[in-house]
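Below is one structure, written out as structure tokens; the observations come after it.
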Amino acid sequence: MTSPSLDALRHAVPSDIEREPHDYAIDGVLPRVAFRPGDRREVADLLHAADQHGLVVVPQGARTSLELGRPLGQYDVALSLLGLDRIVEYVPEDLTITVEAGLTLRHLQEELAARGQYLPVDPPPHDRVTVGGLLATARAGAWRGYLPAARDLVLGATAALPDGTLPKSGGRVVKNVSGYDLHRLHAGALGALGVIVEASFKLAPLPPATRLLALRARDERSAARLARDLWDSHLAARSVALLAPAAASHSGLHREPYVLLELAGVEAAVERSVEEARALAGRAGAQVEATEGEPWRRLRALAGESGATVLRMGVPATSLPELVGAAARAGCLAWGYPAAGSVIAHAEAGLDPAAVRALREQAQRHGGFLQVEAASTELRRQVDPFEHGDAEALRALKQQFDPRGTLNRGRWMEGV
Amino acid sequence: MPTNAPTPSALVRDLQAALGERHVLWAPEDLLVYEYDASIDRARPDVAVFPGDAEETAAVVRIANLHDVPVVPRGSGTGFAGGAIAVRGGVLIVTTRMNRILQVDAENRLAVVEPGVINLALQQAVAPHGLLYAPDPSSQRICSLGGNIANNSGGPHTLAHGSTVNHVLGVEVVLPDGRITWLGGRQLDAPGVDLRGLFVGSEGTLGIATKICLRLMRQQEAVQTMLAIFDSVEAASAAVSAVIRRGVVPVALEMLDQEIIRIVEPQIHAGYPLDAGAVLLIEVEGLRESVAIEAEAAIDACREQGAREVRTAESAPERERLWEGRKAGIGAVGAASPAFYLLDGVVPRTKLPQTMQAVQEASARYGLRCANIFHAGDGNLHPTVMFDPDDPDAVRRVLELGGEIMRLCVQAGGSLTGEHGIGLEKRSYMEWIFSPEDLDAMGRVRAAFGGEERFNPCKVLPSGHGCGTGHATEIRHHLATPGVYV
Ligand SMILES: Cc1cc2nc3c(=O)[nH]c(=O)nc-3n(C[C@H](O)[C@H](O)[C@H](O)COP(=O)(O)OP(=O)(O)OC[C@H]3O[C@@H](n4cnc5c(N)ncnc54)[C@H](O)[C@@H]3O)c2cc1C
Ligand SMILES: Cc1cc2nc3c(=O)[nH]c(=O)nc-3n(C[C@H](O)[C@H](O)[C@H](O)COP(=O)(O)OP(=O)(O)OC[C@H]3O[C@@H](n4cnc5c(N)ncnc54)[C@H](O)[C@@H]3O)c2cc1C
């Protein structure tokens, strides 16, 4: 790197020493420099300096999801958000909190739990993930459908742009329709339209009681039926999952089709739900097995394993069993969440592009989609990890917010 | 035919050719009703059109572009922020003909509708399946789902279930250049940048929704509705926080003050006591067991804050009666006063007691009657100021009071609008909560979608030329001292 551009970057981040690029590899590629700014002004100044010198910046939090998206064509500057980890304002009586983007979800949940509250998003595979990464990837898991996702809970945010500005949108109150919701635009944008530095969220009281049940079904058809019946019943449920046999076995259960049920609520409601779930399982000829949550932990870990190929399909609940089956036949560990309409497929040894395309086509035939959550760079070059909604609108937005392609260039599509 | 009958302009002729003469209104007397919505502002479009589908809508947009005139989407015209007012004339695209429910997929809990479908019509179509569409604005008997999408509308049940945006899976949109596209899809969390989430709440400035895919929810097993009666607004406000403090988030938590009770009760007979200082309408929902426990916690919290009495609806008709008073409240004000100005502001719920007190003091200072009927659980205020439109000084005082109440909300750390939108009404106040940098970024969104000058001009953002709509706007500009409250 030429020294004038490096000087400009150094100058932008006075509070930080340069970091070791080796710690910031993405897809085996090292950045030329790495910084961890201490406040939002430095983030904006760093972006601005990079923008001026034609350098590509990749914002990153806990670095658990940097393989989501197309491989980057160029990677000059690693921008770690871990230096921005403060709780800006927490008002328990309002059930709202404002935090910096580099705060880890674990830290946040610990603070909230001390007041009997939580951010009601599914625990991600790794609890060191940052709030910024959570929003930028907008992923959801087992609780989705029963509970909202991060994108539904964000009340407002501030993001740094490559022109050095720090625009905010939304606010800190739970209901607000003032102006355009840029914070919703950043949710799921993978940092391509701005670097989130601060966000406000709506919170929920922690449920007083939770319970986990693993239901071993007779066959795949009755497992699918049982999952559906549980979803249709009045239960204090937080999650229902349908597991193909291999996924079950990998989660420490028998190699049979399973339905996992997670209950949460007031004790009496949870207790009755357990009884009703037992009755439904009984009618379906399924065995109720005691569990301490290990299968859930293992499934989550699988969903977030970056060495493997991980796919997520969104399909109507009625097509979910079919896609779980199809993914299993393709050699994946497969499971689905009917309430979220999502199917996860995990292939330790990777998948060939034709298999991914076939699953995508099948999902699309049901009006759904397939997203590649993690895979080798090769696979991500051969198969578009996403399917773009409106590519033209996305290009136009990128042109407005990051005309030189300074932020995560090429993540979404050529140049974007 | 008299020779001096007006002849249609070239614009009108092009629109007639595209839609048929029946679906194009251009005579001034036919356009009268399209000058208004539920706000104070008014302006006449040059022509109002009623396309039947997305293709016709796109054709209209392209014709308007060719003639270089503004386009303004309109649903039922019940918006309070002037969003559907054709400030600079042009073509008003009215969605009333696009009123079909295209699909109710009960098994997958979703519905596909056209934008002109009335909110309540969808509710009625899905109820037999044991399903509901959660956003329930009080105007649900008349407002369109397209308008709900545009304004990201809320309702009493937003407290638990979130605003409209949380229930929209995808939208088919005609963009300002006439292109038709889908944002989002039929599933939650579609891949990619969330253009769906950006579009919802954009107040008809980024395009026109022509089809909407909505998420439906299952009706709950049990519900309990309570009426907590207080001697003062302050006590009722304090009870709101007390309920939340107990770890209970009701599905609805609404307040009515004495002024509105005295207007509503004689008309609706909902059973609200006329001598109460304020009442809270509290609803909890879920499994029988949790409803029982949460209801008890809510009742305790109200008693602790000095509730005189807490009544529980014992039957469905009783429950509906309690709600009828709430839902018909604004209509009742209309029947009781020749004119009223309904405000929409938000404060953190912990700031409700002090804000409500300040609102009452300010109304008294301006010598205006102000009734309050609002979503207390969300901190979403709706001070409703009654006035005599024939009193020459009244409009000025009303608008000044409105500006003052907005400032109170902003100073309390709140927002300019919780559900009615910025529209035309609050453009001038945007600078109270957003810096020039913030507004510039929002402007870029508009630029990315194109048609900044022509697509629903003069709405949401404070810039724009030739946007004056006379008296009301002038007063608001005068009230808005930029930068002071950021
Ligand atoms: C295969 C896989 C599956 C997963 N599935 C789920 C799931 O189902 N549910 C779930 O909750 N979690 C899931 N996760 C984890 C989830 O992605 C993380 O919660 C989070 O997205 C990553 O946080 P991070 O701090 O590690 O972000 P990083 O990995 O550091 O960054 C992720 C992306 O966000 C961008 N980014 C990071 N910070 C910012 C910021 N401040 N502003 C703008 N852009 C930023 C990065 O450039 C990058 O593109 C999964 C992870 C993996 C690897
Ligand atoms: C008595 C009464 C009670 C009310 N109660 C509530 C309430 O509880 N909660 C609440 O949130 N609001 C409430 N409102 C306000 C109003 O009903 C809502 O804002 C409603 O969503 C507006 O719908 P509409 O069809 O009347 O839209 P309109 O007033 O016709 O238009 C509103 C905005 O939407 C745009 N628009 C309309 N259709 C489309 C489309 N298809 N595509 C893109 N843009 C479009 C217009 O350009 C305009 O900016 C109430 C109004 C009244 C009169």
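The values are calculated or read from the model by the stated rules, or taken from the named source; none is laboratory data. The structure displayed is predicted, hence computed values, not measured ones. Note: ideal-geometry Cβ built from the backbone for every residue, glycine included; neighbour counts use all protein chains shown. With ligands, DNA and RNA removed, areas are computed over all heavy atoms of the protein, side chains included. Shrake-Rupley method; radii C 1.70, N 1.55, O 1.52, S 1.80 Å.
Here are the numbers for this structure:
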quantity	calculated
Those residues of segment A:223-241 which are open to solvent by less than 10 Å² (accessible area, probe 1.4 Å) and in contact with a Pro (Cβ under 7 Å, 6 or more places away or on another chain), in sequence order	A:A223, A:A227, A:V240
Given (1) within 11 Å of chain B (Cβ to nearest Cβ); (2) open to solvent by 20 Å² or more (accessible area, probe 1.4 Å); (3) under 21 Å from A:E305 (Cα atoms); (4) not charged (D, E, K, R), index of the condition A:P123 fails	(1)
Residues of segment A:51-70 that turn out to be away from ligand 1 (no atom under 12 Å from the Cβ) and buried (at least 20 other Cβ atoms within 10 Å of the Cβ), as a count	2
Close pairs (6 angstrom Cβ cut-off, 6 or more residues apart or separate chains): in a loop (DSSP other than H, G, I, E, B) in segment B:32-47, at pLDDT below 90 and of a type outside the set (D, E) anywhere	B:I40/B:A472; B:D41/B:T469; B:D41/B:A472; B:A43/B:T469
For A:A358: the one exception among (1) farther than 21 Å from A:L226 by Cα; (2) under 22 Å from the mean Cα position of the chain (by Cα)	(2)
Residues of segment B:119-160 classified as open to solvent by 10 Å² or more (accessible area, probe 1.4 Å), in contact with a Leu (Cβ under 7 Å, 6 or more places away or on another chain) and outside any helix (DSSP H, G or I), total	3
Condition met for A:A157 (more than 8 Å from chain B (Cβ to nearest Cβ), under 30 Å from A:V240 (Cβ atoms) and touching a helix residue (DSSP H, G or I) at 6+ places or on another chain (Cβ under 7 Å))	no
Leading residue by the ranking (surrounded by the fewest Cβ atoms within 10 Å (Cβ to Cβ)) among those in segment B:3-26 that are at pLDDT 95 or above and small (G, A, S)	B:A10
Number of the exception - B:G197 against (1) facing another protein chain (nearest Cβ under 7 Å); (2) surrounded by fewer than 24 Cβ atoms within 10 Å (Cβ to Cβ); (3) not in a loop (DSSP other than H, G, I, E, B)	(2)
Residue tally, condition touching a Lys or Arg at 6+ places or on another chain (Cβ under 7 Å), in a loop (DSSP other than H, G, I, E, B) and either within 16 Å of ligand 1 (Cβ to nearest atom) or not small (G, A, S) (or both), over segment B:78-94	1
Within segment A:169-194, tally of residues that are on the phi < 0 side of the Ramachandran plot, within 16 Å of ligand 1 (Cβ to nearest atom) and in contact (Cβ under 8 Å) with a residue 24 or more places away in the chain	9
Scope segment A:84-104; condition on the phi < 0 side of the Ramachandran plot, of a type outside the set (S, T, N, Q) and either within 14 Å of another protein chain (Cβ to nearest Cβ) or open to solvent by 10 Å² or more (accessible area, probe 1.4 Å) (or both); matching residues	A:D85, A:R86, A:I87, A:V88, A:E89, A:Y90, A:V91, A:P92, A:E93, A:D94, A:I97, A:E100
Residue match in segment A:200-210 (condition: more than 30 Å from A:R278 (Cβ to Cβ) and within 16 Å of ligand 1 (Cβ to nearest atom))	yes
Every residue from segment B:430-457 that is away from ligand 1 (no atom under 16 Å from the Cβ) and open to solvent by less than 10 Å² (accessible area, probe 1.4 Å)	B:M430, B:W432, B:F434, B:D438, B:M442, B:V445, B:F455, B:N456, B:P457
A:V131 vs. criteria hydrophobic (A, V, I, L, M, F, W, C), out of contact with any helix residue (DSSP H, G or I) (no Cβ under 7 Å at 6 or more places or on another chain) and either assigned by TED's automatic domain parsing to the domain that holds A:S200 or touching a residue at least 60 places away in the same chain (Cβ under 8 Å) (or both)	no
Every residue from segment B:202-256 that is within 30 Å of B:E114 (Cα to Cα), away from chain A (no Cβ under 12 Å) and not aliphatic (A, V, I, L, M)	B:G204, B:T210, B:K211
B:G146 vs. criteria at pLDDT below 95, within 30 Å of A:Q364 (Cβ to Cβ) and away from ligand 1 (no atom under 16 Å from the Cβ)	no
Residues located in segment A:301-338, provided they are more than 14 Å from every other protein chain (Cβ to nearest Cβ), more than 15 Å from A:L243 (Cα to Cα) and in a strand (DSSP E or B)	A:T309
Unique match (being within 14 Å of chain A (Cβ to nearest Cβ) and crowded, with 22+ Cβ neighbours inside 10 Å) among B:A412, B:A376	B:A376
Matching entry among A:G188, A:G133, A:G179, A:G156 (being assigned to a strand (DSSP E or B) and either crowded, with 24+ Cβ neighbours inside 10 Å or small (G, A, S) (or both))	A:G156
Residue that is nearest to ligand 2 (Cβ to nearest atom), among those in segment A:368-404 that are surrounded by 21 or more Cβ atoms within 10 Å (Cβ to Cβ) and over 23 Å from A:V310 (Cα atoms)	A:A393
Residue that is farthest from ligand 2 (Cβ to nearest atom) [pool: residues in segment B:71-84 that are open to solvent by less than 10 Å² (accessible area, probe 1.4 Å) and out of contact with any Leu (no Cβ under 6 Å at 6 or more places or on another chain)]	B:V71
Residues being of a type in the set (A, V, I, L, M, F, W, C) and open to solvent by 10 Å² or more (accessible area, probe 1.4 Å) - total across segment B:363-373	3
Residues of segment B:202-228 classified as surrounded by fewer than 21 Cβ atoms within 10 Å (Cβ to Cβ) and β-branched (V, I, T), total	1
Selection status of A:V343, buried (at least 24 other Cβ atoms within 10 Å of the Cβ), more than 13 Å from ligand 1 (Cβ to nearest atom) and either touching a residue at least 12 places away in the same chain (Cβ under 8 Å) or within 22 Å of the chain's Cα centre (by Cα) (or both)	no
Test: residue in segment B:35-48 that is surrounded by fewer than 18 Cβ atoms within 10 Å (Cβ to Cβ) and within 30 Å of B:H157 (Cα to Cα)	yes
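Residue-by-condition table, conditions (1) in contact with a strand residue (DSSP E or B) (Cβ under 8 Å, 6 or more places away or on another chain); (2) without any contact (Cβ under 8 Å) to a residue 40 or more places away in the chain:
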residue: B:D177; (1), (2): no, no
residue: B:I180; (1), (2): yes, no
residue: B:L188; (1), (2): yes, yes
residue: B:P191; (1), (2): yes, yes
residue: B:F199; (1), (2): yes, no
residue: B:L206; (1), (2): yes, no
residue: B:V223; (1), (2): yes, no
residue: B:R245; (1), (2): no, no
residue: B:V248; (1), (2): yes, no
